[in-house]
């Protein structure tokens, strides 16, 4: 369970998040909203890149905001960025291996886990390929494998489907849905692709101008007139 409790963020006189609260209980949950709504800011609060002016983020009984960013990673927080973080001068295998330093004590166990994850994401035949030689979609798949390595407890994706084709997005969504079964981690997904959010997220939080305007089962949230008005550009009735 992930409890976001009255999280507020201010950048000078600008209120980026205003007492946002939600309790995520499902294996995969979404966060959506228009550009500038505060989605990435909330994710940055989780990971420690942005400090909250007030509030808590409690995961499995641990208030992440009390931990330094590196301790959050040791706790089990993983995230991807809008641009995947793949080292061009490392192979796919080594890109994933570096994420397991604190997840396994034995080298053989670590390497076996990496091999399993690379096969899971469909890159077994590219394990020895350097990052610079991967396609955009292959880089994203390698990024997913990285997020699943080293015993994660919370995995966050920031617009993972950006620039992908329909088929690639479907493949990515299928992988994201497998994360909980494979690792036990909960997953949060930010994306503008409403179809992807609808397909993989059991519950969804909607932000607009830094405020929560809806939260609940994804189908109900996407049917909410306030959400359609703010996010889909329709008139609220």
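All of the numbers you see were taken from the coordinates with simple rules; none came from a lab. For clarity, every value in this text was computed on a predicted model and none was experimentally measured. In this analysis, Cβ positions are derived from the backbone assuming ideal geometry, glycine residues included, and neighbour counts consider all displayed protein chains.
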Relative contact order of the chain, pairs being alpha-carbon contacts under 8 Å that are 6 or more residues apart, as %: 26 percent
Percent breakdown of C-alpha pair distances by 5 Å bin, ordered from the shortest bin, for the stretch 56-96: 5, 19, 20, 18, 15, 11, 9, 2
On Cα atoms only, tilt of 136-148 relative to the major axis of the chain in degrees: 90 degrees
Pairwise Cα inverse-distance average, inverted: Kirkwood Rh of the stretch 110-179 (Å): 12.5 Å
Unit Cα scatterers, Debye sum, the stretch 162-237: log10 I(q)/I(0) for q = 0.14, 0.16, 0.20 Å⁻¹: -0.51, -0.65, -0.93
Between helix 107-120 and the chain: long-axis angle, C-alpha atoms, 0 to 90°, nearest 10: 60 degrees
Modelled label reach - residue 5, point 7 Å along Cα→Cβ, the stretch 48-62 residues with backbone N closer than 14 Å: 54-62
Ranking of 177, 39, 83 by count of other Cβ atoms within 10 Å, fewest first: 83, 177, 39
The stretch 37-144: relative contact order in percent, alpha carbon pairs under 8 Å with at least 6 residues between: 25 percent
Sequence-separation-based contact order of the stretch 82-151, relative, with Cα cut under 8 Å and 6+ spacing, percent: 50 percent
Three semi-axes of the equivalent ellipsoid, the stretch 82-151, Cα gyration tensor, whole Å, largest first: 19, 12, 11
Order of 11, 81 under a 10 Å beta carbon neighbour criterion, fewest first: 11, 81
Between helix 166-183 and the chain: long-axis angle, C-alpha atoms, 0 to 90°, nearest 10: 80 degrees
Residue order, fewest to most beta carbons within 10 Å, for 116, 139: 116, 139
Estimated 222 nm signal from helices in the chain, with DSSP H stretches of n ≥ 4 weighted -39500 (n - 2.57), rounded to 500: -10000 deg cm²/dmol
